[in-house]
Amino acid sequence: MNHWLSRRHPRYIRSLVYMLQASEYTISDFFKWHERVKDFRHVEKRKQLVFTLKARFLFVFGWATLFATLGGAVLIFLFATSPWNYILSALVLLEAPPIVMLSLLCVVAGSHIIQRLLEGFLIARTKERLAIHKGIKIAVAGSFGKTSMREILKTVLSEGKRVAAPRVAIIRRLQSLGS
């Protein structure tokens, strides 16, 4: 009973958005977690929801979906012409939490599709631009040390070759040293 009631708690939408964020918007991981949760009022134990742009959008969208669902149930009830309409209104009210959850998952799935299309476009455009230049390209990736590695490579390779490196990071570094 507590499981059923916690899905109707005002904190449910926040918990859903937190669970999506914590599972890095991976729907399969989210579903596994969602099935294990007994009380949605206490999902944020170790960390808190970080209201990024995506999390804010999902939070507002979840509440908008809930209000639209509740409004639809009230309209069905007010304009009921048969007993079946009253039953439908009650079912919509009872099933509002799963409706909200499914709408959030649809938004997340849609954003994944859009992100993949955008990444494909950007990768194709970058390949075209890099193909124009005949030089050897070296990419440095990772969480730490990219700027240092770029500067080391630039210094070492400039001994016998003509080298180009992005200037934006150098300018930012000089500005930070000056202040």
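If R0 is 41 Å, the Cβ-Cβ spacing of Ser82 and Glu44 corresponds to a FRET efficiency of close to 0.40.
Estimated from helical segments only, the mean residue ellipticity of the chain at 222 nm is -23000 deg cm²/dmol, where each DSSP H run of four or more residues counts as -39500 (n - 2.57).
Listed values for the range 48-63 are Karplus-derived 3J(HN,Hα) couplings in whole Hz (6.51 cos²θ - 1.76 cosθ + 1.60, θ = phi - 60°), namely 10, 5, 9, 7, 6, 4, 5, 5, 4, 4, 5, 4, 5, 4, x, 5, and x replaces Gly and Pro. Normalised by the number of residues in the range 1-79, the mean separation of alpha-carbon contacts (under 8 Å, six or more apart) gives a relative contact order of 36 percent. Every pair of different Cα atoms in the chain enters the Kirkwood calculation, which places the hydrodynamic radius at 21.0 Å. Qualifying trypsin sites (Lys or Arg not before Pro) in the range 1-81, where qualification requires a DSSP coil assignment and no more than 12 other C-beta atoms within 10 Å, comprise Arg8, Lys38, Lys45, Arg46, Lys47. Against the chain, whose longest principal axis comes from its Cα atoms, helix 27-36 is set at around 50 degrees.
Computed on the chain, with alpha-carbon pairs under 8 angstrom and 6+ residues apart, the relative contact order is 17 percent. Size check on the range 18-99: the Cα extents along the three principal axes, sorted descending, read 49, 27, 21 Å. The Ser28 and Ile123 beta-carbon pair, evaluated with R₀ = 35 Å, returns a calculated FRET efficiency of approximately 0.90.
Computed from the coordinates by the stated procedures, all read-outs in this text should not be read as laboratory data. Bear in mind the structure is a predicted one, so any value in this text is a computation, not a measurement. For neighbour counting, all protein chains shown are included, and Cβ atoms are generated from backbone atoms with ideal geometry for every residue, glycine included.
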